[in-house]
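**Q** My questions all concern the structure below.
Please treat every number below as a calculation from the coordinates, not as lab data. As the structure is a prediction and not an experimental result, all values here were calculated from the model. Positions of Cβ are generated from backbone atoms using ideal geometry, with glycine treated the same way; all protein chains shown enter the neighbour counts.
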Amino acid sequence: AYRVLADKRFMVMFCDMEHFNTLIKIGTDAGFKATRWPIVWVKTHHCQNNCAQYNFTKATEDAIVFRKGDAILARPPQTNYYIGDNLSTKERHGGHPFVKPPELWSWIASHVALKGQTIFDPFMGEASCGEAVLPLGWNYLGCELNETHYSKAVVYICEHYSRLYHNNVRFT
């Protein structure tokens, strides 16, 4: 990631607190600078993948914000936490266990990227990040190994561009 990320840019990596310090070390050893504040997503629902209803420590998800070079935040955050659920996103994205709500993605992107920059999502799942950032003026590039998730992501991205260009779009 360090080699391909342009200078003065950010990388956001979701993780659990068990691996947080290890990932900070790996990132800083690669050359990144870790910001002092992790992003904390406070989930307001019982999540499918980690049984928050039984374990309160699973009611949040954290993200490390790495920067390359002298990157400056596009918009300094008022806080480092986002409160919101992903129930409607899960329904739309077929119950994918790790889906993030589009509102979370746009909140993160608005802090670390300027409009027109590319958001790269190496674990795109069913493209909830793309769903969030494309309409707001960012470019989106996603990768997914799972064919089922990838196929659904392509459908969502095609739907977005069809709406944006009033069905005057051809995909190959």
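**Q** Treat each spin label as a single point 7 Å out from the Cα along the C-beta direction, and report the residue 165 to residue 29 distance in nm.
**A** If labels sit at residue 165 and residue 29, their model points lie 4.5 nm apart.
**Q** Also, I was wondering about something else. Given a Förster radius of 30 Å and the C-beta distance between residue 118 and residue 145 as r, what FRET efficiency does 1/(1 + (r/R0)^6) yield to the nearest 0.05? Let's see the in-between values first.
**A** Values: r = 20 Å, r/R0 = 0.68.
The pair residue 118/residue 145 has a calculated efficiency of 0.90.
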